[in-house]
Amino acid sequence: MATPMVYLENLTKTRSQSESVFELQVSSFAVYPGQLIAVIGESGCGKSTLLDLVALVMAPTRVAKFQVSSSTGTPHDVAKLWEQGDESKLARLRRDHFGYVLQTGGLLPFLTVRHNIGLPGRVKGMGTDEKRLHSLAKRLGVVHCLDRMPISLSIGQRQRVAILRALAHQPQLVLADEPTASVDKARARSIMEDMHTLAREEGVAVVVVTHDVDLIYERADAICSFETTQVSEQVSLSVCQQEQVK
Amino acid sequence: MKSRPLALIPGLAAAHLRHEWILTLCLVIALAAVISPLLVLMGLKHGTIQTLRERLVEDPIFREIRPAQTREFQPQWFESLSAHPGIGFLTPTILPLSSVINIVPTGQSKAELLDLIPTAPGDPLLLENNGAIPMDGEVVLSSEAARRLGVQAGKEIIARVTRSRSGKSENAEIRLKVAAVLDSRAGSLARVYAPLSFVLDVEAYKEGYAAPARGWAGDTPEPYASFDGAVLLLTEPLEPIHKTGLIINTGFGRISDLPLDKASALLGFPVPGQFTAYDLGAPGASITISNLKAIEQKLRGQTRLLLPYALNISLEHNGQSIRPVGLSLDQDQAALLGLPPSPWGAFGQNLPKGKLLTSVLWPQKEDQGEDNQSIQVSSSGIHSLNFPLHITGTSTLTSPVVPVDLMGVLRTATQRGVLFNEESGRFEMSRGGYRGFRLYAQSIDHVPDLYHMLKEEGIEVVAEVEAIERIRVLDQGLGRLFWLIALLGLFGGTAVLVASLYAAVERRRRDLGVLRLLGFARRHVFFFPVVQGILIASLGLVAGFLGYGSLALAINRSFATELGQGESFCVLPQSYIVLFCLVTLILSGLASLAAAWRATRIDPAEVIREQ
């Protein structure tokens, strides 16, 4: 198999909130190009934490190995970057390789849909491919929304626009955090399907965090699940397992 | 294409402000509400001070320093003062009483008594009040003088100078052209401005002297003879009691016995033995004919000789020093001393006429003067004198003999200005000092310095120092007031900006987190509030200047009646505007630092899931 885009080994993340301590342990996690990985679990099991760690916006407490590789270049040692506190380099990895879909879209309310979609490309320093953008928008059925402000869109439209934004700058990995949590089941299914199809076509790997197993199960290449134990009154431990499905 | 996230920040920050335009507008209005009044205040301060200053600067009256008392100023004083920095114009003036002149417009008979004031090229009072500097034969009139005379520039007037001499009234007339009429600003008094030379001639004529250049008859100011003391020769010695009584009320201060040999040395010829000699003197003062007459009066009836002497008078002739003997004896006096009578007669009230004053009896044994009718000699004094001595005979003494009057005149020349007029062959008193001056400083800023300098010299002067100082004090006071208000305003404006920008960051935590997620680093989002602060400040400045502009216009309009051409009460120079904008922008940048710091502290992982 090819080099994993994201690879991490023996990661521990400890978060303490007032008196309770939550610890997430990941023995190994890998994302290969083009894969769809489902992160499934009840709320509070640490799936968002895992996503933030992969998204390079949360520093791991301990990690044996943490690499992000682009299709061409050498792998980047994320563990070392965190250690050095090289925030700029991490930001560059984010903008060059990753796309994001947040629970409620995460669109910037002060930019039009078109500018929202174009922003990751501009940050990355590549021009906006209007034609591609247009055809993607058409596929997602939001082409008529392009010049509107996010506030005027329905939640479903916003999520589609968010997916469009995540893909527009041709990242290698899209991270989606409960992209369908705020829509009804039928719409959720259609959104998920669109995202999956587009990712396939673009050859982009996707990591989806969801609590809805049905929605993703048949499509996923690998599944991450969590086993939560209450160690003591204060300390809870969650162990993440990744298993290949296909 | 290179990735430059920082370049995108201003656009995003501006888009955010536009999106929240109501909040932005409120902020801009709040800032403008601080900026406008500050600008108006600054404009008012600058405008009023400038107007007041310009009024002072424009009117030469405020640059004038006038003497407050009449006293004598020597020509040398004028020379040294005019070299002083800060002096714009300086001319001597004459006694106020001597400066009244009768002016008759041509073709009329009614005369007006006007004040005659000397002027000279560069006189700011004339030049800056629509006048011109009068040439010889011209005058410039003050507006009041022109009104009284009913003449305008270009017309001719007749100046009549009157005097009374030996009981008779005399007058001289001269036609003068009115070169210009001054604006009323130059003063409300009726005045005639004329070149100094004309004014001096008028003064001289009034004092009884002639002004030959103008054809005005009169005396020449003749120097008087003065002496150091006198030798009294008596055939009968004085009783001691009479001795001291002799000099009471005569102007002499001292009488002492004088051995005959010393008397001979003082007088320059041997004194016969039958006389008793006394030395009469007035230490520290000069002896004149009136003092001598008083003594003569007291000794009436006695056989006596009262011979004045002047010490240390010597003449230069061909590099040689001559010590002449001054002797003026009539027949009787000469007989008493056993000497020939003087060809110029006895010493008396008037100086010997014509060439008699400069006559000399040359000693026989010296050959140099024998063929010549006259020899040229010089003497030192206030002015060095060069004059001929006319040899009219031979001296029986070893020294040349001259009229004692000449010795007296030469002695006077060591204390007062005496000149020898070659044309008339006579000595004349040169002009003494002037009785006042007209002085203008180069600028109002030079006035206080000159004012204090003259005061230190002991000259009482009057100047508009107070008006100038008042403006300075007002400027300082207004400046302090302005800074107090400005401080308050700037503090308030900055606080508003700090709070709003900080609040905006708090409000937009999630959006800033998303920006971070999209690949902006901490150092990029730092500039998001900074740009917003500067943008808001710029808009506030624009709005503030619009407010200031309209208010300043209204203020200047409403005070238009009080203001002259080109004057305004509320005005700001460009440098102030640039400075103000710069300070505002810098302050807004500083005000955004707290918000900027807050923005960098945002942890995307914590905020992106916020609703």
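The values are calculated or read from the model by the stated rules, or taken from the named source; none is laboratory data. Not measured: the values here are computed from a predicted model. Note that each Cβ is placed from the backbone with ideal geometry, even for glycine, and that neighbours are counted across all protein chains shown.
State yes or no: is B:GLY489 in contact (Cβ under 8 Å) with a residue 40 or more places away in the chain and touching a Pro at 6+ places or on another chain (Cβ under 8 Å)? Break it down stepwise before answering.
Numbers: in contact (Cβ under 8 Å) with a residue 40 or more places away in the chain: yes; touching a Pro at 6+ places or on another chain (Cβ under 8 Å): yes.
Yes, satisfied.
Which of the residues spanning the range B:444-472 are loosely packed, with under 14 Cβ neighbours inside 10 Å, of a type in the set (Asp, Glu) and free of Cβ contacts under 8 Å to residues at least 24 places away in the same chain?
Result: B:GLU456, B:GLU457, B:GLU466, B:GLU469.
Please go through (1) within 14 Å of another protein chain (Cβ to nearest Cβ); (2) over 27 Å from B:PHE580 (Cβ atoms); (3) buried (at least 21 other Cβ atoms within 10 Å of the Cβ) for B:SER3 and return the number of the only condition it doesn't satisfy.
(3)
Determine, yes or no, whether A:VAL101 is crowded, with 16+ Cβ neighbours inside 10 Å, within 19 Å of B:ARG522 (Cβ to Cβ) and either touching a Pro at 6+ places or on another chain (Cβ under 6 Å) or not aromatic (Phe, Trp, Tyr) (or both).
Values: crowded, with 16+ Cβ neighbours inside 10 Å: yes; within 19 Å of B:ARG522 (Cβ to Cβ): no; either touching a Pro at 6+ places or on another chain (Cβ under 6 Å) or not aromatic (Phe, Trp, Tyr) (or both): yes.
No; evaluated as a whole, the condition is false for this residue.
With the range B:237-313 as the region, which helices (runs of 4 or more DSSP H) entirely inside it contain at least 3 residues that are crowded, with 16+ Cβ neighbours inside 10 Å and more than 43 Å from the chain's Cα centre (by Cα)?
B:260-267, B:289-298
Check off (1) within 17 Å of B:GLY489 (Cα to Cα); (2) among the hydroxyl-bearing types (Ser, Thr, Tyr); (3) surrounded by 17 or more Cβ atoms within 10 Å (Cβ to Cβ) for B:SER538 and give me the number that stays unchecked.
With (1) within 17 Å of B:GLY489 (Cα to Cα); (2) among the hydroxyl-bearing types (Ser, Thr, Tyr); (3) surrounded by 17 or more Cβ atoms within 10 Å (Cβ to Cβ) applied to B:SER538, the lone miss is (3).
Mind listing whichever residues of the range B:587-611 are within 14 Å of chain A (Cβ to nearest Cβ) and either within 29 Å of B:GLY489 (Cα to Cα) or basic (Lys, Arg) (or both)? I'd like the intermediate steps shown before the answer.
Here is the first cut: in the range B:587-611, the residues within 14 Å of chain A (Cβ to nearest Cβ) are B:599-611.
Those that are within 14 Å of chain A (Cβ to nearest Cβ) and either within 29 Å of B:GLY489 (Cα to Cα) or basic (Lys, Arg) (or both): B:ALA599, B:ARG601, B:ARG609.
Hey, among B:LEU474, B:LEU490, B:LEU454, which residue is within 24 Å of B:LEU39 (Cα to Cα) and under 37 Å from the mean Cα position of the chain (by Cα)? Spell out how you get there, then give the answer.
Working: B:LEU490 fails: under 37 Å from the mean Cα position of the chain (by Cα); B:LEU454 fails: within 24 Å of B:LEU39 (Cα to Cα).
B:LEU474 is the lone residue from the list that is within 24 Å of B:LEU39 (Cα to Cα) and under 37 Å from the mean Cα position of the chain (by Cα).
Checking the conditions here, which among B:GLY122, B:GLY167 is more than 16 Å from B:LEU196 (Cα to Cα) and either modelled with pLDDT under 90 or not polar (S, T, N, Q) (or both)? Give the steps one after another, and end with the answer.
Values: B:GLY122 fails: more than 16 Å from B:LEU196 (Cα to Cα).
Matching residue, one of B:GLY122, B:GLY167: B:GLY167.
Check B:PHE387 against each of (1) within 30 Å of B:PRO340 (Cβ to Cβ); (2) in the same structural domain as B:SER80 (by TED's automatic domain parsing) and name the one condition it does not meet.
The single condition B:PHE387 does not satisfy is (2).
Just to be sure, is B:THR584 of a type in the set (Val, Ile, Thr), part of a helix (DSSP H, G or I), within 30 Å of B:LEU56 (Cα to Cα) and away from every other protein chain (no Cβ under 14 Å)?
On the way: of a type in the set (Val, Ile, Thr): yes; part of a helix (DSSP H, G or I): yes; within 30 Å of B:LEU56 (Cα to Cα): no; away from every other protein chain (no Cβ under 14 Å): yes.
So B:THR584 does not fit the description; no.
Pick from A:GLU87, A:GLU83: which is surrounded by fewer than 23 Cβ atoms within 10 Å (Cβ to Cβ), among the acidic types (Asp, Glu) and within 9 Å of chain B (Cβ to nearest Cβ)?
Values: A:GLU83 fails: within 9 Å of chain B (Cβ to nearest Cβ).
Testing whether each residue is surrounded by fewer than 23 Cβ atoms within 10 Å (Cβ to Cβ), among the acidic types (Asp, Glu) and within 9 Å of chain B (Cβ to nearest Cβ) leaves just A:GLU87.
List the helices (runs of 4 or more DSSP H) inside the range B:505-576, counting only whole elements, that have at least 2 residues being out of contact with any helix residue (DSSP H, G or I) (no Cβ under 9 Å at 6 or more places or on another chain). First the steps, then the outcome.
Details: elements: B:509-517, B:522-525, B:527-558.
Once the helices (runs of 4 or more DSSP H) in the range B:505-576 are filtered for at least 2 residues that are out of contact with any helix residue (DSSP H, G or I) (no Cβ under 9 Å at 6 or more places or on another chain), what remains is B:527-558.
Could you please find all residues in the range A:186-210 being touching a helix residue (DSSP H, G or I) at 6+ places or on another chain (Cβ under 8 Å) and of a type outside the set (Val, Ile, Thr)?
A:ARG187, A:ALA188, A:ARG189, A:MET192, A:ASP194, A:MET195, A:LEU198, A:ALA199, A:GLU202, A:ALA205
Conditions: (1) modelled with pLDDT of 90 or more; (2) over 30 Å from B:GLU156 (Cβ atoms); (3) buried (at least 17 other Cβ atoms within 10 Å of the Cβ); (4) not assigned by TED's automatic domain parsing to the domain that holds B:ILE555. B:ALA13 meets all but one. Number of the miss?
(4)
Would you pick out the residues in the range B:15-40 that are of a type outside the set (A, V, I, L, M, F, W, C) and in a helix (DSSP H, G or I)?
Correct list: B:HIS16, B:ARG18, B:HIS19, B:THR24, B:SER36, B:PRO37.
Among the residues of the range B:415-443 satisfying the criterion of being touching a residue at least 60 places away in the same chain (Cβ under 8 Å) and more than 26 Å from B:PRO96 (Cα to Cα), which is surrounded by the most Cβ atoms within 10 Å (Cβ to Cβ)? Spell out the reasoning first.
Quick first cut of the range B:415-443, residues touching a residue at least 60 places away in the same chain (Cβ under 8 Å) only: B:415-416, B:418, B:421, B:424-429, B:431-443.
Filter once more, so that each one left must be more than 26 Å from B:PRO96 (Cα to Cα): B:415, B:421, B:424-427, B:443.
Numbers: B:GLN415: 11, B:ASN421: 11, B:SER424: 11, B:GLY425: 14, B:ARG426: 20, B:PHE427: 24, B:SER443: 13.
By that ranking, first place goes to B:PHE427.
A quick yes/no check of all residues on (1) touching a His at 6+ places or on another chain (Cβ under 9 Å); (2) away from every other protein chain (no Cβ under 14 Å); (3) assigned to a loop (DSSP other than H, G, I, E, B); (4) surrounded by 17 or more Cβ atoms within 10 Å (Cβ to Cβ):
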{"site": "A:ALA2", "(1), (2), (3), (4)": "no, yes, yes, no"}
{"site": "A:GLU9", "(1), (2), (3), (4)": "no, yes, no, no"}
{"site": "A:THR12", "(1), (2), (3), (4)": "no, yes, no, no"}
{"site": "A:LEU24", "(1), (2), (3), (4)": "no, no, no, yes"}
{"site": "A:SER28", "(1), (2), (3), (4)": "no, yes, no, no"}
{"site": "A:GLU42", "(1), (2), (3), (4)": "yes, yes, yes, no"}
{"site": "A:VAL57", "(1), (2), (3), (4)": "no, no, yes, yes"}
{"site": "A:PRO60", "(1), (2), (3), (4)": "no, no, yes, yes"}
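Hey, any hits in the range B:61-75 for a residue that's part of a helix (DSSP H, G or I), within 14 Å of chain A (Cβ to nearest Cβ), on the phi < 0 side of the Ramachandran plot and hydrophobic (A, V, I, L, M, F, W, C)?
Within the range B:61-75, the subset part of a helix (DSSP H, G or I) is B:61-63, B:75.
With the extra rule that they be within 14 Å of chain A (Cβ to nearest Cβ), the set shrinks to none.
No: the range B:61-75 contains no residue that is part of a helix (DSSP H, G or I), within 14 Å of chain A (Cβ to nearest Cβ), on the phi < 0 side of the Ramachandran plot and hydrophobic (A, V, I, L, M, F, W, C).
Considering only the range A:102-127, how many residues are farther than 22 Å from B:ARG507 by Cβ and within 11 Å of another protein chain (Cβ to nearest Cβ)?
9
When you check A:LEU50 against the structure, is it more than 8 Å from chain B (Cβ to nearest Cβ), in a helix (DSSP H, G or I) and under 30 Å from A:PRO150 (Cα atoms), yes or no?
Working: more than 8 Å from chain B (Cβ to nearest Cβ): yes; in a helix (DSSP H, G or I): yes; under 30 Å from A:PRO150 (Cα atoms): yes.
Judged against the criteria, A:LEU50 is a match.
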